[in-house]
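Asker: To start, I am sharing the structure in question, which I have written as structure tokens.
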Amino acid sequence: MTDSTEIRPADSWQVAATQLFGPAMGTAEKYAQLLVGAGVERGIVGPAEAERIWDRHLLNCGVVARLLPAKGSVVDLGSGAGLPGIVLAMLLPGIRVTLLEPMARRVDFLEECLAELGLDNAEVLRGRAEDLAGQLTADVVTARAVAPLDKLAGLAVGLLRPGGKVLAIKGASADAELLRARPVLARLGVTDARLVQAGSPDGSVAATVVTFTAPAHRGAGSGHTTGRAGPRPAGRGPAGSGYPGAGGKKARQPNSRRSGG
């Protein structure tokens, strides 16, 4: 495991990180250690990312918290290593975050992170967005490095309550992706699709986010639905829980925590 002193923000990012994370700074440092330690060892995080875990990942995700309400429900679609879902959970204790991830080894890592960090406002759900459309619903769906926007839009809308918002963190190609996705967004019936820049208090960190709003009424667009609107029944995994690569194992329930791999 990498020593925690090695993964504190570099001097050039220290001010931005301290301002952004505030009281959650200690939790953020512990999460950074998990990412560059167990995350890299298990192939959840690429080795080259360890040196830029703060500026490219933690800070980039942290500024997005400014675009979310202080309370409500969030689904982090294709959560992977927990970016941005875990960062948002530590910054916004009033929100409830579901880390939605289909891959078993990533689910194990996410569960261990939540246990280590003590984030009681977050839970892990193993599953695919297309299988949970209309069953799992949230006020906001977040996504980062999951899929091109024209594909991501349909997956995300299926997880939103009517009138909910999507926040998709994108890179330099955000303008082009949004342009290509316009026909899909129109078919889905979403509104207010635009680029937003989220920045740190000192202005040194910024993230490009594509945001749009789901139709106010279910069925107004052509998003994925299953006819089972409303929240997923408590204590039950998603229907059809035998996912590729899962070895036929049942989906883990939310709040399932494990201390080892």
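The values are calculated or read from the model by the stated rules, or taken from the named source; none is laboratory data. Treat the numbers as computed from the prediction; the structure is a model and nothing was measured. Virtual Cβ from ideal backbone geometry, glycine too; neighbours counted across all protein chains shown.
Asker: Which residues, taken from the range 203-222, are in contact with a helix residue (DSSP H, G or I) (Cβ under 8 Å, 6 or more places away or on another chain) and modelled with pLDDT of 85 or more?
Answerer: Keep residues of the range 203-222 that are in contact with a helix residue (DSSP H, G or I) (Cβ under 8 Å, 6 or more places away or on another chain), which gives 204-212, 214-215, 221-222.
Residues satisfying the conditions are V205, A206, A207, T208, V209, V210, T211, F212, A214, P215.
Asker: Where residues in the range 189-199 are in contact with a Ser or Thr (Cβ under 9 Å, 6 or more places away or on another chain) and among the small types (G, A, S), which of them is surrounded by the most Cβ atoms within 10 Å (Cβ to Cβ)?
Answerer: At the first step, the residues of the range 189-199 found to be in contact with a Ser or Thr (Cβ under 9 Å, 6 or more places away or on another chain) are 189-198.
Retained after the next criterion (residues that are among the small types (G, A, S)): 189, 193, 198.
Working: G189: 17, A193: 18, A198: 21.
Restricting to residues being in contact with a Ser or Thr (Cβ under 9 Å, 6 or more places away or on another chain) and among the small types (G, A, S), the top hit is A198.
Asker: Taking the range 148-179 as the search range and keeping residues that are among the aliphatic types (A, V, I, L, M), under 19 Å from the mean Cα position of the chain (by Cα) and part of a helix (DSSP H, G or I), which one is surrounded by the most Cβ atoms within 10 Å (Cβ to Cβ)? Lay out the reasoning, then the answer.
Answerer: Just the residues of the range 148-179 that are among the aliphatic types (A, V, I, L, M), to begin with: 149, 152-153, 155-157, 159-160, 166-169, 172, 174, 176, 178-179.
With under 19 Å from the mean Cα position of the chain (by Cα) added as a condition, the list becomes 149, 152-153, 155-157, 159-160, 166-169, 174.
Narrowing further to those that are part of a helix (DSSP H, G or I): 149, 152-153, 155-157, 174.
Working: L149: 26, L152: 23, A153: 26, L155: 23, A156: 33, V157: 27, A174: 18.
If we take residues in the range 148-179 being among the aliphatic types (A, V, I, L, M), under 19 Å from the mean Cα position of the chain (by Cα) and part of a helix (DSSP H, G or I), then A156 is surrounded by the most Cβ atoms within 10 Å (Cβ to Cβ).
Asker: Right, another one. Regarding A50, is this residue surrounded by 22 or more Cβ atoms within 10 Å (Cβ to Cβ), in contact (Cβ under 8 Å) with a residue 12 or more places away in the chain and closer than 20 Å to E112 by Cα?
Answerer: Numbers: surrounded by 22 or more Cβ atoms within 10 Å (Cβ to Cβ): no; in contact (Cβ under 8 Å) with a residue 12 or more places away in the chain: yes; closer than 20 Å to E112 by Cα: yes.
So A50 fails the test.
Residue-by-condition table, conditions (1) surrounded by 15 or more Cβ atoms within 10 Å (Cβ to Cβ); (2) more than 30 Å from V107 (Cβ to Cβ); (3) modelled with pLDDT of 50 or more; (4) touching a His at 6+ places or on another chain (Cβ under 6 Å):
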residue	(1), (2), (3), (4)
A181	yes, no, yes, no
V184	yes, no, yes, no
R187	no, yes, yes, no
P201	no, yes, yes, no
H224	yes, no, no, no
A229	no, no, no, no
K250	no, no, no, no
